[in-house]
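Single-structure report; data block below.
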Amino acid sequence: MRKIATALTLAIIGTAPAVADYNPFMGKYENQVAFNVGYGLDSGIIVPVPARFVPFFLFHGQYSQPTTFFGLPARQSLNVAQTVGFGSKYGWQWDRYSIPIGILSADVALLYGKKWYFAVGGGAGLQAQQNERLGAKLLFKFQLTGGFHLTDRVGLEIFMKHFSNANTAANHSYAFYGMGMTYNF
């Protein structure tokens, strides 16, 4: 898992700006902002079954620009997130994990049309404080995203986000299912 996380981080940092006329994430525009809200799950699996929901939320803002990844359309992003937990469930005190997170990430469109896309993404970042659930400040993100353009500037996304430490410490994770809105300019 550490080799995968290292390779993914190097791939994200090494992406170059796209010169293509069309990018399924943002069309003809060169900038995108997004706001996402997610609901947490208690799961250690990278793509968790949507079960065992917990009182743990993700509020996530993102700024992106178009790029390519081995010829596939992609976006590179700066992310700021805030997790907010309440109470306890499944043996975890979720209010202890209300922590800000900063992440550098990239998403690659695997399937797309003019108004929709399906993407996979990853990234690396830091949470503001270490806790017993992850055991490290260093985080790695894996994400599946489906998007639909309402207009050429406004879109909706649904997502699954998984944050873990890639086995650099205790092996628990944060996982969220949610949705968001994008604006291209």
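The values are calculated or read from the model by the stated rules, or taken from the named source; none is laboratory data. Since we're looking at a predicted model, the values are computed, not measured. Here Cβ is always computed from backbone atoms with ideal geometry, including for glycine, and neighbour counts include all displayed protein chains. Ligands, DNA and RNA are stripped out before the accessible areas are found, and what is left, the full protein with its side chains, is counted by its heavy atoms. Shrake-Rupley method; radii C 1.70, N 1.55, O 1.52, S 1.80 Å.
Structure above, values below:
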| item | result |
| --- | --- |
| Inter-site label distance for GLN130 and LYS28 at 7 Å from Cα along Cβ, in nm | 5.1 |
| Highest to lowest packing among 125-138, 43-56, scored as the average C-beta count within 10 Å | 125-138, 43-56 |
| Choice from LYS161, LYS28, LYS141 showing the highest fluctuation, given a GNM over the chain with Cα pairs closer than 10 Å | LYS28 |
| Rounded accessible area per residue of the chain, 1.4 Å, Å² | 48 |
| Most mobile of TYR174, TYR29, TYR97 in a GNM of the chain (Cα contacts under 10 Å) | TYR29 |
| Separation in nanometres of the label points that stand 7 Å from Cα toward Cβ, at MET181 and VAL154 | 0.6 |
| Calculated FRET efficiency for the pair TYR90/LYS115, C-beta based, R₀ 35 Å, to 0.05 | 0.35 |
| The chain - percent of accessible surface contributed by carbon and sulfur, probe 1.4 Å | 68 |
| Helix axis angle, 2-13 relative to the chain longest principal axis, alpha carbon, degrees | 40 |
| Within the chain, helix-based [θ] at 222 nm, where runs of 4 or more DSSP H residues each add -39,500 (n - 2.57), nearest 500 | -2000 deg cm²/dmol |
| Whole-Hz couplings from phi, Karplus 6.51/-1.76/1.60, listed for region 62-74; x for Gly and Pro | 9, 10, 10, 10, x, 7, 10, 9, 6, x, 8, x, 8 |
